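One structure is given here, and the rest of the page talks about it.
The numbers here are math on the coordinates, done by the rules we state, and not lab data. The structure displayed is predicted, hence computed values, not measured ones. FYI the Cβ positions are ideal-geometry reconstructions off the backbone, even for glycines, and counts take in every protein chain you see.
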Amino acid sequence: MNTLKDVDPEIYAAIHDEVKRQRTHIELIASENYCSNAVMQAQGSIMTNKYAEGYPDKRWYAGCGEIDIAEKLAVQRAKDIFGAEHVNVQPHSGSSSNMAVLFSSLSPGNKILSMDLSHGGHLTHGFKKNFSGQLYEKITYGVSEKTGYIDYDKVRKLAKESMPHMIIAGASAYPRELDFAEFKKIADEVGALLLADVAHIAGLIVAGLHQDPVPLADFVTTSTHKTLRGPRGGIIMCKSKYATKIDQQIFPGIQGGPLMHVIAAKAVAFKEAKTQEFKDAQVQTLKNTNKLCSELQSKDYTIVSGGTDNHLFLIDLSNKNISGTEAQVTLEKAGIILNRNMIPFDKRTANDPSGIRMGTPSVTTRGMKEPEMLKIADWIDLALKAHEDDSKLKTIKSEIVAFCATYPLYKDLTDFDD
Ligand code: DSN
């Protein structure tokens, strides 16, 4: 990166320090991961220079031969790993994937039935300040207060009462397996379209470790950078009968030129997702999440729903002398990165909620296994107990920096070794 260093020392310094931060911290944000060098090389390539509005073999610009190769590979590989009838790889994000699906199939004022944000849903599933909440009428389902699991009887009841045009199955902070077959039954009973947003669990689905909505749902969207371990972006999968309207809704409906360097990187990630190494990492992610969760439970932390079936879990800190925001800040001081999160039926606000969310895709990609989860649980517990003691937090941080050095990250980025 010597050229960047010369041309723009400030941005170079920010990247340099971010590499250092990623290397020296324990990353537990459930929606993050470390993509491979190969993915980053494709994303950092000259494909960023090319305009390619349209689709392969039907572009609005000349000179798209090589670009078409990349997009066709991305589409074919995504179809292959997910078993999808049709895939659009152009969405810039999971949010624009959802926007395209909603715009393609709903009219303003139509009803959507989706998971409450405070129970684990997503902004694009109808949050009032998001386009989805402003354009459509939202009815929300949630989890049972007693069990923390989605109450499917209640979902069915709400669907029958409200007769939504679309049901959205998917979440950003739900630690249990989603029953897509049950969602499909409910959608069919009320004549609703079914959108499965699998952004968080896509990698688990590809590895055969989570119920698969692709054969069932009308539309399946996902971001590509979470458990799927690709570049930051999104894709839409759908039944063939919706292919034209989805493609037209992405371009020219809501996007112009596709980000071809990102699409090339998606193709690389989809190739990697076919490997045994990827599958093994997804298996290990489940083991690690389970171990971290049960260890914290044994240290008297309250786990929402009592455990986890996937790559994440939520801790309810109500019985501790600390809020979700304070816990996030404290843990960052100690070298552990995660996010504050609302818990179902939270009595506090979204800005300073009662919970924290944690997941293990990143630490798993880094090579950590169950014994390391025990250490991380110890550090979390020690740090939260010492949240008013900065010198103790500093000591924990130095232990974590030393620990992280034994799990080298991006070894090939030697420019940043100092
Ligand atoms: N913002 C993402 C998350 O952290 O779960 C969802 O898109």
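Would you kindly work out the equivalent ellipsoid of the range 60-192 from its C-alpha gyration tensor and give its semi-axes, the square roots of five times the eigenvalues, largest first in whole Å?
Working: eigenvalues 197, 60, 40 Å².
Value: 31, 17, 14 Å, ordered largest first.
Once you charge only the Cβ atoms, +1 for Lys and Arg and -1 for Asp and Glu, what is the size of the charge dipole of the chain about its Cα centre, to the nearest 20 debye? Write out the running numbers ahead of the final one.
Details: 49 positive and 52 negative charges, 134 e Å.
Approximately 640 debye in magnitude.
Quick one: length gained pulling K72 to H92 fully straight, 0.36 nm per residue minus the C-alpha distance? Display every interim value, and only then the final one.
Details: separation 20, 0.36 × 20 = 7.20 nm, distance 1.69 nm.
Extra length available between K72 and H92 comes to 5.5 nm.
Which percent, to the nearest 5, of DSSP beta bridges fully inside the chain are antiparallel?
55 percent
What ratio of Cα Rg to 2.2 N^0.38 Å holds for the range 206-290?
That ratio works out to 1.24.
Could you list, in their original order, any pairs among K79/K129; K72/K241; K128/K154; K72/K128; K72/K245; K79/K245 whose Cα atoms are separated by more than 26 Å? Show your work: numbers first, answer last.
Details: K79/K129 33 Å; K72/K241 20 Å; K128/K154 22 Å; K72/K128 37 Å; K72/K245 19 Å; K79/K245 18 Å.
Where the Cα-Cα span goes over 26 Å, the pairs concerned are K79/K129; K72/K128.
Among H165, T227, G359, which residue has its Cα positioned farthest towards the positive end of the charge dipole of the chain, with +1 placed on the Cβ of Lys and Arg, -1 on the Cβ of Asp and Glu, and the dipole taken about the Cα centre?
Checked the options; the winner is H165.
Once R0 is set to 22 Å, what does the formula 1/(1 + (r/R0)^6) return for the Cβ-Cβ distance between S240 and D188, expressed as a FRET efficiency to the nearest 0.05?
Working from the Cβ atoms, E equals 0.70.
Specify whether the C-alpha gyration tensor of the range 301-394 places it in the rounded, prolate or oblate class, a ≥ b ≥ c being the square roots of the eigenvalues: rounded for a/c under 1.5, otherwise prolate if a/b is larger than b/c and oblate if not.
Values: a/c = 1.86, a/b = 1.11, b/c = 1.67.
Note, shape of the range 301-394 comes out oblate.
Hey, what's the Kirkwood Rh for the chain if you take every pair of different alpha carbons, in angstrom?
Values: mean 1/r = 0.0449 Å⁻¹.
In the chain this quantity evaluates to 22.3 Å.
Taking springs between alpha-carbon atoms closer than 10 angstrom, which of H16, H165, H125 fluctuates most in the Gaussian network model of the chain?
In the Gaussian network model the winner is H16.
If the elastic network links every pair of Cα atoms under 10 Å, which of V304, V401, V268 fluctuates the most in the Gaussian network model of the chain?
Top of the fluctuation ranking is V401.
Based solely on its DSSP helices, what 222 nm [θ] is calculated for the chain when runs of n ≥ 4 H residues each add -39,500 (n - 2.57) and the sum is averaged over all residues, nearest 500 deg cm²/dmol? Each step should come with its number before you reach the end.
Details: 16 runs with 181 residues, N = 418.
Estimated from H runs of four or more residues: -13000 deg cm²/dmol.
Quote the FRET efficiency, to the nearest 0.05, computed for T349 versus T3 with a Förster distance R0 of 45 Å and r equal to the Cβ-Cβ distance.
Values: r = 46 Å, r/R0 = 1.02.
Calculated value: 0.45.
Build a GNM of the chain with springs between Cα atoms under 10 Å: which of D197, D218, D57 gets the top mean-square fluctuation?
Its mean-square fluctuation being the largest, the pick is D57.
Mind listing which trypsin sites (Lys or Arg not before Pro) in the range 130-235 are in a DSSP loop and have 12 or fewer other Cβ atoms within 10 Å? If you can, show how the numbers build up before the last one.
Working: sites: K138, K146, K154, R156, K157, K160, R176, K184, K185, K226, R229, R232; in loops: K146, R176, K226, R229, R232.
Within the range 130-235, the qualifying trypsin sites (Lys or Arg not before Pro) (loop, at most 12 other Cβ atoms within 10 Å) are K146.
What translational D, rounded to a whole number of µm²/s, comes out for the range 162-319 from Stokes-Einstein when the hydrodynamic radius is the Kirkwood one over Cα pairs, at 20 °C and 1.002 mPa s? Don't jump to the answer; show the numbers that get you there.
Numbers: Rh = 17.3 Å.
In µm²/s, the coefficient rounds to 124.
For the range 57-183, build the charge dipole from Cβ charges (+1 Lys, Arg; -1 Asp, Glu) around the Cα centre, then report which of A74, L117, G63 sits farthest towards its positive end.
Value computed over the given set: L117.
Cβ under 13 Å from K50's Cβ, K50 left aside: what net charge do those residues give with Lys, Arg +1 and Asp, Glu -1? Walk me through the numbers on the way to the answer.
On the way: positive: R59; negative: E53, E66, D68, E71.
Every neighbour counted, the sum reads -3.
Do any GluC sites (Glu not before Pro) in the range 94-167 lie in a DSSP loop with no more than 15 other beta carbon atoms within 10 Å, and if so, which? Numbers along the way, then the final one.
On the way: sites: E137, E145, E161; in loops: E145.
For GluC sites (Glu not before Pro) across the range 94-167 that sit outside H, G, I, E and B with at most 15 neighbouring Cβ atoms in 10 Å, the list reads E145.
Taking only C-alpha pairs under 8 Å that are 6+ residues apart, what is the relative contact order of the chain in percent? Write down the numbers at each step before the final one.
Details: 820 pairs, mean separation 95.4, N = 418.
Answer for the chain is 23 percent.
With just the Cα atoms of the range 1-100, tell me how far they stretch along each of the three principal axes, in Å, largest first.
Taking max minus min along each principal axis of the Cα atoms, the range 1-100 gives 43, 34, 25 Å.
Taking θ = phi - 60°, what integer Hz values does the Karplus form 6.51 cos²θ - 1.76 cosθ + 1.60 yield along the range 271-276, in sequence order, with x for Gly and Pro?
5, 5, 5, 8, 7, 5
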